[in-house]
Amino acid sequence: MSAKTLKGETLLIATHNKGKLEEFRQIFGPRGVEVTSAGERGLGEPAETENTFIGNARIKAKAAMEASGLVTIADDSGLCVDALDGGPGVYTADWAGPSRDWTMAMRTVEEKLQAKGATTPEARRATFNCTLVVLWPDGSERIFVGQAPGYLTWPPRGQLGHGYDPMFVPDGGNGKTFAELTADQKNAISHRARALDLLMKELL
């Protein structure tokens, strides 16, 4: 492939997270791009040994692309909390433990914020970051970054979304958490949607 495009491709999303896969399907499906995932294909999960979003996204993209031979998108996302020096950041999933207990992860963030005396929305500012790496079998690579600023609330609210969504109130979300927004509402302002918007403008 010389001119890079995703039209007519089957895309492999390098994730085992069903919620994340569903977000990609909602965005790519209407554009006629077929989407599958590393989880659906039974591919292994490589160790994420880098300390940056882009470094970990590259590890996931390379492993999944080499195992599948498909054009691969890897997404490394995380919640960066100002008062916690940018944490959990690239360790966003690690705070949920091996069993991915997001209730525990959210409680950990809240306890750390309480310990810092961060009680106002201004003191609880946070940003969801999404770094996408697109990797073709010929080794070509494109990188796209999206961000969604907002603040953290407690207790968590809403049943939609996944991860830290129930405690994150995005700017432009009318005071609702990501977990209270419909998929369409979230996909209009989320970090992943913003990164994908940049991707689609270039590759679709």
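The values are calculated or read from the model by the stated rules, or taken from the named source; none is laboratory data. This structure is a prediction, so every number in the text was calculated from the model and none was measured. No Cβ is skipped: glycine too gets one built from the backbone with ideal geometry, and neighbour counts run over all protein chains shown. Accessible surface is based on the protein model in full, side chains and every heavy atom, while ligands, DNA and RNA are left aside. Shrake-Rupley method; radii C 1.70, N 1.55, O 1.52, S 1.80 Å.
Tabulated data for the structure shown
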quantity	calculated
Karplus (6.51, -1.76, 1.60) ³J(HN,Hα), θ = phi - 60°, over segment 104-115, in Hz, Gly and Pro reported as x	5, 4, 5, 5, 4, 4, 4, 4, 5, 5, 4, 5
3J(HN,Hα) from dihedral phi, segment 74-85, Karplus parametrisation 6.51/-1.76/1.60, rounded to Hz, x for glycine, proline	10, 10, 10, 10, x, 9, 10, 9, 3, 5, 9, 6
Convex hull volume of segment 80-196 per residue (C-alpha atoms, cubic angstrom)	115 Å³
Nearby lysines by direct alpha-carbon distance to K4 (threshold 23 angstrom, same-chain neighbours under 8 apart not counted)	K60, K62, K201
Simple Cβ-charge dipole of the chain, Lys/Arg +1 and Asp/Glu -1, about Cα centre, in debye nearest 20	280 debye
Whole-Å distance, taken between Cα centres, linking segment 153-204 and segment 72-141	14 Å
Of all DSSP beta bridges in the chain, antiparallel share, percent nearest 5	80 percent
Virtual spin-label span in nm between H162 and D94, 7 Å along Cα→Cβ	2.1 nm
Segment 86-204: relative contact order in percent, alpha carbon pairs under 8 Å with at least 6 residues between	20 percent
Rel. contact order, % - alpha carbon contacts under 8 angstrom, at least six apart, the chain	18 percent
Furthest towards positive pole of dipole, A105, T182, G39, structure part the chain, Cβ charges	T182
Percent RCO, i.e. relative contact order, over segment 1-121, from Cα pairs under 8 Å lying at least 6 residues apart	20 percent
Value of Rg to Rh for the chain (Rh from inverse mean 1/r over Cα pairs, i.e. Kirkwood)	0.97
FRET efficiency for E141 and E22, using Cβ-Cβ distance with R0 set to 22 Å, rounded to 0.05	0.30
Packing-based order for 49-59, 164-174, using average beta carbon neighbours within 10 Å, highest first	164-174, 49-59
Nitroxide proxy distance, nm - points 7 Å out along Cα→Cβ at T119 and R107	2.2 nm
Solvent-accessible surface ranking, highest first, for H162, H191, H16 at 1.4 angstrom	H16, H162, H191
